[in-house]
Amino acid sequence: MPRTHPPLDPELAAVLAVVHDHLSPTITAEDIEDLRSNLMFAVPDEALTRNGTVHLQNLSVPGPPGAPDVSLLVLKPAGSTPGAPVFYYMHGGGMIIGDHRTGVAGVLDWAVDTGAVVVSVNYRLAPEHPDPAPVEDCYAGLLWIHEHAAEIGGDPERIVVAGASAGGGLAAGVALLARDRGGPRLLGQVLMCPMLDDRFLTPSSRELEGEGVWDATSNATGWSALLGERRGGDQVSIYAAPARATDLAGLPSAFVDVGSVETFRDEDIDYAARLLQAGVQCELHVWPGGFHGFDGMAPQAALSRTASATRTAWVRRLLNTS
């Protein structure tokens with residue numbers, strides 16, 4: 001029987017056809033260097049300072065023990081006041097590309113809306129820096145933010161971790177690390193189309209080949225870069241691949257969303273269901289006809305606007321009840 005998947009949203013399908021002129025759905029290890037130098041992914045400071053209404057600060061903070069310092073990008077809207085909530089953001093890029101400017105504009109929208117501060121971490125990338133380097137860099141950044149929140153105008157008791165794609169997986173991993181190491185108590189976690197499982201167990205992990213954005217081959221490329229020969233085996237930690245975690249109790253409230261036409265669909269649905277079963281408050285959305293990262297690539301599409309507004313509404317409720 002041929003592989004099947006839900007149809008793409010017609011408006012998004014037209015956008016995806018254009019995306020494929022510039023970005024292949026299939027990424028191999030040989031493509032990593034070219035992707036990293038592709039200017040289409042560059043985000044200049046001017047795009048983030050928003051005509052001077054957002055203050056941008058670059059910091060270098062201690063990394064994991066024995067590792068280099070970690071770079072943090074702090075974005076503070078002009079209207080934020082001392083003791084503001086903090087959105088701690090981990091960028092996407094399949095563990096192999098991107099930096100702390102990648103995709104942060106969407107999270108900055110929440111900060112402008114709520115008067116919060118955004119901190120985005122420039123974690124080390126695979127394959128040069130395999131697991132556990134990326135998630136440990138992210139956790140080191142969290143520890144610094146919690147200890148020095150007042151220095152950036154933030155509240156250490158109102159930190160929300162957030163991430164998209166690989167960054168969503170890292171945010172989930174950081175939440176698990178904080179729980180298991182007795183670290184900072186997080187207010188919430190926003191997991192946008194998170195990359196959670198290296199084992200390729202679900203139908204959606206196998207049904208896209210040469211289609212969409214980030215197909216099965218791309219996923220194998222990303223996980224192999226991060227884990228090497230450990231990928232799919234029994235030596236992978238829950239912090240690298242949070243879908244492997246069997247105990248999800250005691251984690252912060254979560255928002256999980258994913259498109260219906262993407263590799264991570266089933267693992268994300270399963271993770272959200274298991275959070276609920278563990279007694280964790282969780283809101284799940286599966287966007288019908290959405291491809292991976294659709295809202296960033298087609299922000300004006302109707303489905304993208306709905307997805308963005310839904311995340312913003314969840315964040316507002318989270319902060320208003322804290």
Restricting the range 230-260 to residues that are charged (D, E, K, R) and open to solvent by 10 Å² or more (accessible area, probe 1.4 Å), the one nearest to residue 164 (Cα to Cα) turns out to be 244
Subset of the range 261-278, residues open to solvent by less than 10 Å² (accessible area, probe 1.4 Å) and more than 13 Å from residue 194 (Cβ to Cβ), comes to 261
Checking 70, 117 in turn, the sole residue that is in contact with an Asp or Glu (Cβ under 6 Å, 6 or more places away or on another chain) and either of a type outside the set (Asp, Glu) or more than 23 Å from residue 188 (Cα to Cα) (or both) turns out to be 70
Checked against (1) closer than 14 Å to residue 192 by Cβ; (2) in contact (Cβ under 8 Å) with a residue 24 or more places away in the chain; (3) open to solvent by 60 Å² or more (accessible area, probe 1.4 Å), residue 299 satisfies every condition except (2)
When residue 211 is run through (1) more than 17 Å from the chain's Cα centre (by Cα); (2) surrounded by 16 or more Cβ atoms within 10 Å (Cβ to Cβ); (3) closer than 18 Å to residue 175 by Cα, the failure sits at (3)
Residues of the range 190-208 being among the polar types (S, T, N, Q) and either assigned to a loop (DSSP other than H, G, I, E, B) or open to solvent by 10 Å² or more (accessible area, probe 1.4 Å) (or both), in sequence order, are 202
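Is it true that some residue in the range 281-292 is assigned to a loop (DSSP other than H, G, I, E, B) and farther than 17 Å from residue 175 by Cβ?
Yes, some residue in the range 281-292 is assigned to a loop (DSSP other than H, G, I, E, B) and farther than 17 Å from residue 175 by Cβ.
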Of the residues in the range 144-189, those that are surrounded by fewer than 17 Cβ atoms within 10 Å (Cβ to Cβ) and touching a helix residue (DSSP H, G or I) at 6+ places or on another chain (Cβ under 9 Å) come to 156, 157, 181, 183, 185
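Given the condition among the aliphatic types (A, V, I, L, M), in contact with a Phe, Trp or Tyr (Cβ under 9 Å, 6 or more places away or on another chain) and in a loop (DSSP other than H, G, I, E, B), answer yes or no: does some residue in the range 46-69 qualify?
Scanning the range 46-69 turns up no residue that is among the aliphatic types (A, V, I, L, M), in contact with a Phe, Trp or Tyr (Cβ under 9 Å, 6 or more places away or on another chain) and in a loop (DSSP other than H, G, I, E, B).
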Here the qualifying pairs (Cβ atoms under 8 Å; residues six or more apart or on different chains; first in the range 35-53 and within 23 Å of residue 77 (Cα to Cα); second open to solvent by less than 50 Å² (accessible area, probe 1.4 Å) and small (Gly, Ala, Ser)) come out as 43/105; 47/105; 48/105
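The values are calculated or read from the model by the stated rules, or taken from the named source; none is laboratory data. What you see is a predicted model, and the numbers here were worked out from it, not measured in a lab. As a convention, Cβ positions derive from the backbone with ideal geometry for all residues, glycine included, and neighbour counts pool all protein chains shown. Keep in mind that these areas ignore ligands, DNA and RNA; they rest on the heavy atoms of the full protein, side chains included. Shrake-Rupley method; radii C 1.70, N 1.55, O 1.52, S 1.80 Å.
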